[in-house]
Amino acid sequence: MEYNQRPGNTAETFPVICVRQLRKEYYLGRTIVPALVSVDLDVYRGEFVAVMGPSGSGKSSFMNILGCLDRPTSGEYYLDGEPVSEMSVSELADVRNEKIGFVFQSFNLLPWMTTLENVELPMIYAGVAAEQRQERALWALAMLGLSSRADHKPMELSGGQQQRVAIARALVTAPSMILADEPTGNLDSHTSIQIMSILQRLNMQGITIVLVTHEPDIATYCKRKVVFRDGRLIHDAINPTPAIAQEDLQQQPAPEERMLIQ
Ligand code: ADP
Ligand code: MG
């Protein structure tokens with residue numbers, strides 16, 4: 001089906017993400033592993049979607065395709081109206097750089113680079129001039145309360161601080177959306193709520209977020225929940241009353257930050 005022929009698709013209402021009959025198979029020797037069977041989903045600008053489901057249900061496979069890190073075996077994917085599933089590997093890399101910010105469970109910071117250099121990295125790939133790179137990286141670090149850590153190496157930061165650096169790195173290219181695969185999976189519950197508070201703030205500023213989590217508590221901060229099982233989307237519901245992370249933080253005393261170096 002042609003994206004533009006879908007009923008009701010005006011400029012204001014077309015989704016950031018539109019997938020149709022998405023299928024992903026992996027080949028292990030002679031065995032075919034069907035990771036995604038037939039997935040349809042629309043995500044509109046400003047949504048905050050929690051992706052849930054048991055281990056092995058296809059969540060990461062789905063996120064990798066949404067993030068243009070991998071291509072579907074078949075089916076359609078339109079990102080901001082562009083038919084991504086037809087793009088070449090190098091076109092995908094450009095789209096990824098321009099439109100998508102990634103946040104991972106394991107932070108994925110480069111250990112030999114400072115915080116500032118890590119945040120500048122996506123802009124080096126995007127060809128941004130050095131001066132502007134630094135300016136934008138410092139702006140993103142300030143927004144996440146990390147200005148004083150610009151010269152620190154990731155190892156010198158707590159887990160929560162490292163994840164905030166990763167969020168700063170995801171933001172500097174002004175992406176259309178943030179994709180987060182279990183971003184709180186390695187963090188204690190207080191730090192997890194802090195990260196959710198930051199993501200809620202960014203979402204209020206208009207950034208679309210899709211976040212994988214297996215923790216129901218974390219999903220309560222999202223505005224919509226979709227559930228995968230055996231490579232299929234089996235549940236999709238709006239959360240009419242998302243919890244507000246900032247409020248929950250105020251009710252919880254902060255544990256001491258576990259810092260290696262102050
Ligand atoms: P989830 O993130 O929900 O745990 P995944 O998308 O990682 O699920 O995996 C879905 C299915 O695809 C699982 O059966 C998994 O073993 C399989 N799978 C994932 N990645 C690969 C791969 N690179 N090669 C082969 N099988 C894979
Ligand atoms: Mg996974």
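Every listed requirement among (1) over 23 Å from residue 192 (Cβ atoms); (2) modelled with pLDDT under 90 is met by residue 106 save one, (1).
Close contacts from region 41-62, counting a first residue that is under 13 Å from residue 180 (Cβ atoms) and a second that is assigned to a helix (DSSP H, G or I) and more than 16 Å from ligand 1 (Cβ to nearest atom), with Cβ to Cβ under 8 Å and a gap of 6+ residues or different chains, come to 48/199; 48/200; 48/203. No other residue among 170, 174, 237 is modelled with pLDDT of 95 or more and under 27 Å from residue 65 (Cβ atoms) apart from 237. Listed by first and then second residue, the pairs with beta-carbon distance under 8 Å, at least 6 apart or on different chains, first residue in region 167-195 and within 16 Å of ligand 1 (Cβ to nearest atom) and assigned to a loop (DSSP other than H, G, I, E, B), second hydrophobic (A, V, I, L, M, F, W, C) and modelled with pLDDT under 90, are 182/104; 183/104; 186/107. The condition (being of a type outside the set (Gly, Ala, Ser), assigned to a loop (DSSP other than H, G, I, E, B) and within 12 Å of ligand 1 (Cβ to nearest atom)) is satisfied by just one residue among 69, 110, 36: 69. Is one or more of the residues making up region 123-145 of a type in the set (Asp, Glu), assigned to a helix (DSSP H, G or I) and surrounded by fewer than 18 Cβ atoms within 10 Å (Cβ to Cβ)? Within region 123-145, one or more residues are of a type in the set (Asp, Glu), assigned to a helix (DSSP H, G or I) and surrounded by fewer than 18 Cβ atoms within 10 Å (Cβ to Cβ).
Residues of region 41-66 that are surrounded by fewer than 23 Cβ atoms within 10 Å (Cβ to Cβ), within 8 Å of ligand 1 (Cβ to nearest atom), of a type outside the set (Gly, Ala, Ser) and within 13 Å of the chain's Cα centre (by Cα): 63, 64.
Look at region 67-96 and say how many of its residues are within 16 Å of ligand 2 (Cβ to nearest atom) and crowded, with 23+ Cβ neighbours inside 10 Å. Adding up the residues that qualify gives 0.
For residue 119, the conditions (1) within 30 Å of residue 91 (Cβ to Cβ); (2) assigned to a loop (DSSP other than H, G, I, E, B) are fulfilled apart from (2). If the condition is being over 14 Å from residue 122 (Cβ atoms) and among the β-branched types (Val, Ile, Thr), then region 141-193 contributes 184, 191, 193.
The values are calculated or read from the model by the stated rules, or taken from the named source; none is laboratory data. Model, not experiment: these values are computed from the prediction. All Cβ positions, even for glycine, are placed from backbone atoms using ideal geometry, and neighbour counts span all protein chains on display.
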